[in-house]
Amino acid sequence: MKRRFKVTVDGETFDVEVEETTEEAPATQRVAPTEVKRKTTEPRVTVQKAVAPSTATEEGVVTAPLPGVVSEVRISAGDEIKEGTVLLVLEAMKMENEIYAPADGVVSEVYVEAGQQVGRGHRLVKLS
C-alpha cells in the first residue's frame with residue numbers, strides 16, 4: 001500500500017510517497033531512494049528597510065548607532081533641517097540604515113563622507 005506525506009525539511013516542503021511492505025529489510029540493507037517532488041511555488045521574500053535611531057552624545061552631535069560604511073550623505077554644512085530628516089545612510093551587515101536628525105536645527109559640520117567606514121559612537125554630524 002502506498003501512502004503520501006508532506007515533509008518539511010529546512011523550510012522546504014516535499015511531497016513524499018512511501019510504499020508499505022510486509023517483509024522486514026535487514027538493518028544493513030540499503031533502501032533505494034524514493035522520488036521526491038519539490039514544491040513548485042516560488043518562496044515569498046519580504047524586504048524591509050532597517051531604520052537605526054540616531055544618537056546624540058554631546059550637545060548637537062549625532063553619532064553612529066552601529067559600525068558600518070557611510071553609503072550616502074544627504075545633507076551638507078549650512079542646511080536647515082527638521083527633526084526626523086534623513087541625514088545620511090549607514091550600511092551595516094548588508095542593511096541600509098537611515099540616520100535621522102534628533103531635532104530641528106542647522107547642520108554646522110559634517111564629519112563623514114560617502115564610502116567612509118565608521119565605528120559605533122563615531123561622530124557623524126553636528127547640529128546647532
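Couple of notes before you dig in:
- Top-ranked residue of segment 82-91 - restricted to ones that are assigned to a strand (DSSP E or B) and β-branched (Val, Ile, Thr), ranked as farthest from His122 (Cα to Cα): Val86
- Top-ranked residue in segment 92-119 [being in a strand (DSSP E or B) and within 18 Å of the chain's Cα centre (by Cα); ranked as nearest to Val69 (Cα to Cα)]: Ala92
- Scanning segment 85-104 for residues that are at positive phi and surrounded by 13 or more Cβ atoms within 10 Å (Cβ to Cβ) yields nothing.
- Residue count, segment 57-68 (criterion: farther than 14 Å from Leu87 by Cα and not small (Gly, Ala, Ser)): 5
Bear in mind that the values in this text are calculations on the coordinates, not laboratory data. A quick note: this is a predicted structure, and the numbers were derived from the prediction, not measured. Heads up, the Cβs are rebuilt from the backbone with ideal geometry, glycines too, and the neighbour counts pull from every protein chain shown.
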